[in-house]
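Here is the structure we will look at, set down as structure tokens.
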Amino acid sequence: MNAARHGRRRSTLTPRGWLVLAASVGSIGVSFAAVWATVPDPGPSAEAGVQRRTMTPEEIRAYWTPERVKAATPAEMPVAPAECSDWRWFLHARCW
């Protein structure tokens with residue numbers, strides 16, 4: 001009995017094709033595991049300095065007096081290296 005008669009599709013991959021597919025999937029899995037192992041764990045104290053407080057607009061205006069606004073210094077913002085800014089970010093480990 002023919003497989004096509006019974007509505008079954010036969011595999012179009014040869015045994016060598018299956019081997020190549022399995023090797024590809026395996027290498028992708030190993031590379032993901034390697035990337036996962038290189039990402040540093042921030043640990044439990046990653047958000048230790050975060051404080052959230054809800055203030056009304058009136059409280060905010062009362063806090064930010066003209067003297068405080070003049071004395072305020074901008075916060076340091078993290079800057080990503082130039083090689084991390086375009087589509088090639090995955091080539092550099094420090095961009096992960």
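The values are calculated or read from the model by the stated rules, or taken from the named source; none is laboratory data. For clarity, every value in this text was computed on a predicted model and none was experimentally measured. These accessible areas exclude ligands, DNA and RNA; they are computed on the full protein's heavy atoms, side chains included. Shrake-Rupley method; radii C 1.70, N 1.55, O 1.52, S 1.80 Å.
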Seminar exercise, completed: Karplus-derived 3J(HN,Hα) from phi for segment 14-26 (6.51 cos²θ - 1.76 cosθ + 1.60, θ = phi - 60°), whole Hz, x at Gly and Pro, runs 7, x, 5, x, 4, 5, 5, 4, 5, 5, 5, 4, x
Exercise. Could you sort Thr65, Thr12 by accessible area so the largest value comes first, with the probe set to 1.4 Å?
Worked result: Thr12, Thr65
